Amino acid sequence: MTPFERFTVITAAALTLCGGAFAPAGAAVRSVVDTFTTTTTGMTPADLVLRIQVLEWSDDSARADVVAALEDAPALGKLPTVGYVWPAGSPVGYTVKYAHRTKTADGRDRLTFVTDKAVGSYDYKKWGVAGATVKPLPYSVVELYVDAAGNGTGNLSLAAEVAIDSATNTITLATGGSHVLTGGVRQPSQQG
């Protein structure tokens with residue numbers, strides 16, 4: 001066997017072993033069930049498109065786990081991932097640990113997402129909202145209000161206080177003040 005043939009056999013065996021480590025036999029591929037896009041406004045960075053992909057909506061038990069873990073960032077990071085927030089132009093996204101939707105009195109969807117790291121924490125230039133007085137958190141809450149036509153506004157925990165209700169296992173952002181997200185457009189489902 002030539003050195004090249006030996007290299008090819010060894011490389012093929014290594015790729016087979018590595019491939020098995022990354023995709024265990026019988027592992028289910030998770031589909032995106034909902035996708036939303038929104039744009040930052042009135043903050044730094046401005047006009048940045050965020051794509052939010054939901055793999056699954058959190059049930060009451062999963063939401064309770066996140067509410068309990070909010071005081072301990074490492075514990076939050078160990079919980080199951082239910083989606084991602086992708087800033088446009090970035091190869092790095094933020095894992096969503098909490099994805100919840102409810103209807104508001106006026107019929108809009110209120111969509112709340114909690115990431116295990118602060119959105120913008122991977123960037124060199126710190127994300128911020130001028131005049132905001134909220135305490136920095138090791139995680140982020142993204143909240144969108146979207147009507148039936150896909151129009152909406154939203155906010156980030158960079159600009160609004162986080163309200164946690166452990167009795168209902170819900171996390172929301174305080175109302176009032178300026179919204180720093182526009183859009184909230186629902187994209188067509190990627191499921192067949």
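Computed from the coordinates by the stated procedures, all read-outs in this text should not be read as laboratory data. Since the model is a prediction, treat every value here as computed from it, not as a measurement. Cβ: placed from backbone, ideal geometry, glycine included. Neighbour counts: every protein chain shown.
Annotations
- Of all aspartates and glutamates in the structure, the ones whose alpha carbon falls short of 15 Å from that of LYS103, not counting any fewer than 8 places away in one chain, are GLU143, ASP147.
- Excluding same-chain neighbours fewer than eight residues apart, the aspartates and glutamates reachable from LYS135 by a Cα-Cα span under 12 Å are GLU161.
- Sparsely packed chymotrypsin sites (Phe, Trp or Tyr not before Pro) within the stretch 67-161, loop by DSSP, other Cβ within 10 Å at most 16: TYR122, TYR124
- Overall form of the stretch 30-187 per C-alpha gyration tensor (a/c, 1.5; a/b vs b/c): rounded
- Sorting the segments 151-159, 67-75, 129-137 by their mean number of nearby beta carbons within 10 angstrom, highest to lowest, gives 151-159, 67-75, 129-137.
- Of all lysines in the structure, the ones whose alpha carbon falls short of 20 Å from that of LYS97, not counting any fewer than 8 places away in one chain, are LYS78, LYS117.
- Computed over the stretch 30-187, relative contact order equals 24 percent, with contacts defined as Cα pairs under 8 Å that lie 6+ residues apart.
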